[in-house]
Amino acid sequence: SGQSDAAYRHWNRCLNLTRDFDEAIITFCRFEVGVKAFFEQVLPSEPYFRIRIARKYFGSPEDLLLKKMLLNHTKSVLGKDEYDEAEYKYLMAEMERLSENFQVSLIYFKKALELKKSRADWRVQYARCLIASEKFDEAITELKLSQLYHGDHQSTAERLLRMAKRLRVQAIKTNPGY
């Protein structure tokens, strides 16, 4: 009906209230709504939501630019005062990891985990970044540490641990100096 602002508000409210319609709203809006309106008016500003959306809906290689734009926009509006230092560092690390800025991400992850050593879920994400950076020994260590803590991360950590070990063996076979 030509009432774009009203539609943006309703989509935003729906995304804030339930995950039931995430896929339909995001799929429609990414193609039919301008990037600025999509990021600023449709998507909730909450960084955990945006990180989840970046992971789930912008994972393909052709979406890398849009994902980077979303994460850069999220970084620009991320309030340092809203989160403690460790959580802020973790959010920055995760956004850098998803943007494929692995070296910057590793620095943020180290700082976040120095402040909150018991966050096993953060360790698993750190290990993902280490694997992407081909630092398999460090990733294996972090994944083993994460398994010392109980939680939902256990199956993911076990799967990543098997993958890191397999990739490490491959790296040794192809590069004897590894």
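The values are calculated or read from the model by the stated rules, or taken from the named source; none is laboratory data. In this text, all values refer to a predicted model and were calculated from it rather than measured experimentally. So basically every Cβ, Gly included, is an ideal-geometry build from the backbone, and we count neighbours across all protein chains shown. Side chains included, ligands, DNA and RNA excluded: accessible areas come from the protein's heavy atoms. Shrake-Rupley method; radii C 1.70, N 1.55, O 1.52, S 1.80 Å.
The condition (being outside any helix (DSSP H, G or I), of a type in the set (Asp, Glu) and exposed (fewer than 11 other Cβ atoms within 10 Å of the Cβ)) is satisfied by just one residue among ASP20, ASP5: ASP20.
Here's the yes/no breakdown for (1) more than 23 Å from ALA127 (Cβ to Cβ); (2) within 19 Å of the chain's Cα centre (by Cα):
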residue: ALA6; (1), (2): yes, no
residue: PHE39; (1), (2): yes, yes
residue: ALA54; (1), (2): no, yes
residue: LEU66; (1), (2): yes, yes
residue: ASP84; (1), (2): no, yes
residue: TYR90; (1), (2): no, yes
residue: PHE102; (1), (2): no, yes
residue: TYR108; (1), (2): no, yes
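For the range 62-121, the helices (runs of 4 or more DSSP H) that sit wholly inside it and include 2 or more residues that are modelled with pLDDT under 90 are 64-77.
Considering only residues that are of a type in the set (Ser, Thr, Tyr) and touching a helix residue (DSSP H, G or I) at 6+ places or on another chain (Cβ under 6 Å), which ones fall in the range 46-77? Please lay out each step first, then the result.
Going through the range 46-77, the residues of a type in the set (Ser, Thr, Tyr) turn out to be 48, 57, 60, 74, 76.
Those that are of a type in the set (Ser, Thr, Tyr) and touching a helix residue (DSSP H, G or I) at 6+ places or on another chain (Cβ under 6 Å): TYR57, THR74.
State all residues of the range 23-33 that are closer than 22 Å to LEU98 by Cα and open to solvent by 30 Å² or more (accessible area, probe 1.4 Å); if no residue qualifies, say none. Result: GLU23, THR27, ARG30, PHE31. Could you go through the range 128-147 and let me know if any residue there is under 24 Å from ASP63 (Cβ atoms) and outside any helix (DSSP H, G or I). Taking every residue of the range 128-147 in turn, at least one turns out to be under 24 Å from ASP63 (Cβ atoms) and outside any helix (DSSP H, G or I). Taken over the range 41-55, the criterion of being assigned to a helix (DSSP H, G or I), open to solvent by 10 Å² or more (accessible area, probe 1.4 Å), in contact (Cβ under 8 Å) with a residue 24 or more places away in the chain and not aromatic (Phe, Trp, Tyr) is satisfied by GLN41, ARG55. Can you give me the number of residues within the range 148-177 that are on the phi < 0 side of the Ramachandran plot and in a loop (DSSP other than H, G, I, E, B)? Residues flagged as on the phi < 0 side of the Ramachandran plot and in a loop (DSSP other than H, G, I, E, B) within the range 148-177 amount to 8.
Table: residues versus (1) loosely packed, with under 11 Cβ neighbours inside 10 Å; (2) in contact (Cβ under 8 Å) with a residue 24 or more places away in the chain.
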{"residue": "LYS36", "(1), (2)": "yes, no"}
{"residue": "GLU62", "(1), (2)": "yes, no"}
{"residue": "LYS68", "(1), (2)": "no, yes"}
{"residue": "LYS75", "(1), (2)": "no, no"}
